[in-house]
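Colleague: Take this structure, written in structure tokens, and hold onto it; I'll ask about it next.
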Amino acid sequence: MNGPSATIGDAVDDTMILITGISVVLLAIITGLMLYFTYRYSRKRHPVAEEVGTSILLEVTWTIIPVLIVMGMFWAGYKSFREMRDAPEDALQVTVIGRMWDWSFEYANGKKSDRLVVPLDQPVRLQLKSLDVNHSFYIPAFRIKEDVVPGGNTYLWFKPQSTGPADIFCAEYCGERHSYMMSEVVVVPQEQFDVWYQSDSAELPETKAWIDAEAAAAQAPSDTDEALSALHKYGCVTCHSLDGTGNKLGPTLKGVFGKEVTVMVDGKEISVTADEAYLKQSITQPAAALVKGFENLMPPPAGMGPDEIDLVIGYIKELK
Ligand SMILES: [Cu+2]
């Protein structure tokens with residue numbers, strides 16, 4: 001599914017599939033039997049009607065099985081219905097105002113918007129109000145819909161599970177421009193919601209740009225990700241821990257940058273500061289200066305390009 005979804009959606013979809021599935025199976029059985037009986041008991045094959053007696057067993061069976069099936073469908077629907085009606089106490093409160101022919105949204109701090117902006121992973125409770133006639137507030141992507149009645153006090157809640165925009169419709173014919181009564185729910189990460197919520201501007205900030213920036217950030221791997229993948233690719237992490245623990249063949253890489261290291265050069269002990277040049281040498285010519293207490297076990301990394309070496313050095317420098 002494209003766009004954001006909400007927690008209740010899966011339960012609604014499952015109920016829908018269950019009921020449709022059962023209906024399709026029953027349709028097939030009933031149609032099949034009907035066709036068969038038409039053939040089997042046509043006048044040609046069965047010219048004389050006969051009286052059929054009562055079979056208690058048959059009566060009980062075809063009462064109990066459908067009752068169980070129907071109760072099963074009821075239970076599936078009732079469970080998700082309860083979930084839909086029980087809004088969590090800590091939900092973000094938004095008042096939705098429907099009128100001919102638009103939606104507006106009012107937040108607890110007085111902020112108003114013509115789009116419903118909500119934070120990711122937070123339950124949101126919508127109090128639905130109409131200024132004129134009956135409307136119906138509908139977010140298809142979230143599988144939620146509720147009548148908006150003048151003087152009434154209906155509500156809805158949902159908990160968005162992913163970021164992005166989704167359509168809001170009016171699902172109750174409310175006059176000439178009913179089909180124009182559309183808006184958008186925009187799910188944004190909490191930090192971005194907070195910025196928007198606290199801003200004085202009544203205008204909705206460029207939520208689209210936020211979302212695109214989020215998406216771009218998720219797409220482009222950061223230097224950190226690339227450095228880490230190089231450290232794995234060239235087997236560095238088999239001999240070096242990155243978290244300060246020292247239970248591997250080589251010294252931990254955490255905190256090494258800027259440290260005074262005692263190394264053995266040509267059999268002599270000297271003390272050096274682990275600067276960038278030292279790190280570079282340690283990686284490209286591991287045998288040139290051996291860290292005291294460790295053996296000459298590190299192979300020069302085969303096939304590692306200068307870019308990757310710089311990336312890894314940059315990463316080690318940050319590993320404090
Ligand atoms: Cu309407």
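Colleague: Counting only DSSP beta bridges with both residues in the chain, tell me the antiparallel percent, nearest 5.
Modeller: 75 percent
Colleague: Put +1 on the Cβ of every Lys and Arg and -1 on every Asp and Glu Cβ in the chain; which of A91, A49, L279 then has its Cα farthest towards the positive end of the dipole?
Modeller: Final value for the positive-end residue is A49.
Colleague: Suppose R0 equals 35 Å. What FRET efficiency, 1/(1 + (r/R0)^6) with r the Cβ-Cβ distance, do D275 and E191 give to the nearest 0.05?
Modeller: Efficiency, from the Cβ-Cβ distance: 0.45.
Colleague: Related question: Please list the non-local residues whose amide H lies under 5 Å from the amide H of V133, H modeled 1.01 Å from N, same-chain partners needing a gap of 5 or more.
Modeller: For V133, the qualifying residues are M100.
Colleague: V67 versus I29, label points 7 Å from Cα toward the beta carbon: distance in nm?
Modeller: Going from the V67 label point to the I29 one covers 1.6 nm.
Colleague: In 10 Å bins starting at 0, how do the alpha-carbon pair distances of segment 20-167 split up by percent?
Modeller: 9, 25, 21, 13, 12, 11, 7, 1, 0
Colleague: Could you run the Karplus curve 6.51 cos²θ - 1.76 cosθ + 1.60 with θ = phi - 60° over segment 183-196 and give me ³J(HN,Hα) per residue in whole Hz, x for Gly and Pro?
Modeller: Here the 3J(HN,Hα) series is 8, 9, 9, 10, 8, 10, x, 3, 4, 6, 4, 4, 4, 5 Hz.
Colleague: For the chain, what log10 I(q)/I(0) values come out of the Debye formula at q = 0.09 1/Å, with one point per alpha carbon and no solvent?
Modeller: Debye output, listed in q order: -0.76.
Colleague: Between E89 and K317, what length in nm is gained on full extension when 0.36 nm per residue of separation is reduced by their alpha carbon distance?
Modeller: Result for the pair: 77.5 nm of gain on full extension.
Colleague: For segment 90-95, just list the computed ³J(HN,Hα) in residue order, Karplus coefficients 6.51, -1.76 and 1.60, θ = phi - 60°, integers in Hz, with x standing in for Gly and Pro.
Modeller: For segment 90-95, the Karplus curve yields 8, 5, 5, 8, 9, 9 Hz.
Colleague: Let me ask something additional. Under a no-solvent Debye model with one identical scatterer per Cα of segment 132-185, what's log10 I(q)/I(0) at q = 0.15, 0.17, 0.19, 0.26 Å⁻¹?
Modeller: Those come out to -0.44, -0.55, -0.67, -1.08, one per q.
Colleague: Determine the gain in length on full extension of the stretch K292-E176; use 0.36 nm per residue of separation and subtract their C-alpha separation, reporting nm with one decimal.
Modeller: Roughly 33.3 nm would be gained on extension.
Colleague: Now a separate question. Could you give me the ³J(HN,Hα) list for segment 153-160, computed from phi with Karplus coefficients 6.51, -1.76, 1.60 and θ = phi - 60°, whole Hz, x at Gly and Pro?
Modeller: Result, rounded to whole Hz: 9, 8, 8, 8, 9, 7, 10, x.
Colleague: Output needed: percent of Cα pairs per 10 Å distance bin for segment 223-318, bins running from 0 to the one holding the longest distance.
Modeller: 16, 55, 28, 2
Colleague: I've got another one for you. On a 0 to 90 degree scale, rounded to 10, what angle separates helix 223-233 from the longest Cα axis of the chain?
Modeller: 80 degrees
Values quoted throughout were computed directly from the atomic coordinates according to the rules given, and no laboratory measurement underlies them. Please read these numbers as outputs of a predicted model, since none were measured by experiment. When we count neighbours, we look across all protein chains shown, and the Cβ atoms used for this are built from the backbone with ideal geometry, even at glycine.
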